[in-house]
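Everything on this sheet refers to the single structure shown next.
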Amino acid sequence: MLRRPGASLLVNRRAVAVAAALAALLAAVCVTSLCLGETTTSPVEAVKVVLGQPSPDELVVGTLRLPRLTVALLVGVAFGLAGALIQTVARNPLASPDIIGVSHGAGAATVAALTFGLTSWQTLPYVSVAGGITAAALVYVFAWRGGLHAQRFVLIGIGFSVALSSLSNLFLTHGDQFRAQQGKVWLTGSLNGRGYDQAEPLFWVLLLGLPALAWAGWAMRAVAFDDDTATALGLRLGRVRLGLVGIGVVLASVATGAAGPVDFVALLAPQIARRLTRTAQPPLVCSALTGAVIVVLADLLGRRLFSPTELPVGVLTAAVGAPYLLWLIVRARSGGPR
């Protein structure tokens, strides 16, 4: 506890240490991603390009790799934050945007727009936000029965995910063949060809959303209380939960618009961060850093594991996330700690 005249700040030393370690790991993974490719660049030259200093590798690093890395970083941060917010509200580690229908709603709207030529690549993030918010609103309405029950919220979200995934497939089979192929590639969650055009909307959402995220850090501690205690303290839980879910939905939807539905990042990152920090609920900063590490590392492995063949980042995250999801379900059924 840090104290100053008229103010105090609670600091979790382990969380600070974990955040510092994750930041160092993220920096190392980012430099490695900038260095490795069809041609190898030294870390010194890669850092020079990032700092804006003259370098013979400006074209390879600054033009080809850095824009893609920027998208990967922002997408990972957004999914990590979104997963932490939604899991805290639902009090369930299974409640992530890609499980409860948010990412699939954003995906269905985006695939429809792509397949039928209704929009351009520059406006896709906005279409994704509209689709994600619509899907989240439907899940929230159907799950509300005098309150937000966590199990009902997750089950209804899974049902919407399946329905929206089928809707995406329907759009792909009835649209223009070339655009449908673009939609299929986008649905895998790929960073191939992504650059600053896709990163810019997500950057502004994260930057302008900093005050909302600061509020969310406080509100997450409030929703940790049971309903009776929170009500006795004068908290309006319904509004607080709706605000947290709304922030998470917007972040997940814009991230989906930038890179496609990169599954399981929002599921994995908060739970890894929570276990590293040993906190009762997912910490926001550590969840964001963990999400960024997962996406950047998955993209690096996708580019290099089977080079020259490139795997979409969503394939790598799904390969890790799907077994972890099954493990969570088995532990929940056996009554083990979540």
Once the dipole of the chain is set up with Lys and Arg at +1 and Asp and Glu at -1 on Cβ about the Cα centre, which of VAL71, VAL315, SER287 lies farthest towards its positive end? SER287
From the convex hull of the Cα coordinates of the chain, what is the mean projected area in square nanometres? 19.0
Hey, in the GNM for the chain with a 10 angstrom Cα cutoff, which one of ALA20, ALA258, ALA135 fluctuates hardest? ALA20
Could you please report the charge total around VAL60, scoring K, R as +1 and D, E as -1 over all other residues with beta-carbon less than 10 angstrom from its beta-carbon? -3
For the stretch 183-318, size of Cβ-based charge dipole, Lys and Arg +1, Asp and Glu -1, in debye: 200
How big is the charge dipole of the chain about its Cα centre, in debye rounded to the nearest 20, if each Lys and Arg gets +1 on its Cβ and each Asp and Glu gets -1 on its Cβ? 1240
Could you compute the FRET efficiency for GLN53 and ARG304, with r as their C-beta to C-beta distance and R0 at 22 Å, rounded to 0.05? 0.25
Select from GLY314, GLY159, GLY52 the residue whose mean-square fluctuation is largest in a Gaussian network model of the chain (Cα-Cα springs shorter than 10 Å). GLY52
In a Gaussian network model of the chain with springs linking alpha carbons closer than 10 Å, the residue among SER33, SER165, SER287 that fluctuates most is SER165
In a shell of Cβ-Cβ distance under 14 Å around SER42, excluding SER42 itself, what net charge do Lys and Arg (+1) and Asp and Glu (-1) give? -1
Of LEU301, VAL240, CYS30, which is farthest along the charge dipole of the chain in the positive direction, counting Lys and Arg as +1 and Asp and Glu as -1 at C-beta? VAL240
Taking amide H positions as placed in the peptide plane 1.01 Å from N, state which residues far from TRP144 in sequence (5 or more) or on other chains have amide H under 5 Å from it. none
Note, ARG14: beta-carbon cut-off 15 Å, +1 each Lys/Arg, -1 each Asp/Glu, net +4
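Quick note: the coordinates plus some simple rules give every number you see, no bench work behind them. The structure presented is a predicted model; accordingly, all values stated were derived computationally and were not measured. Positions of Cβ are generated from backbone atoms using ideal geometry, with glycine treated the same way; all protein chains shown enter the neighbour counts.
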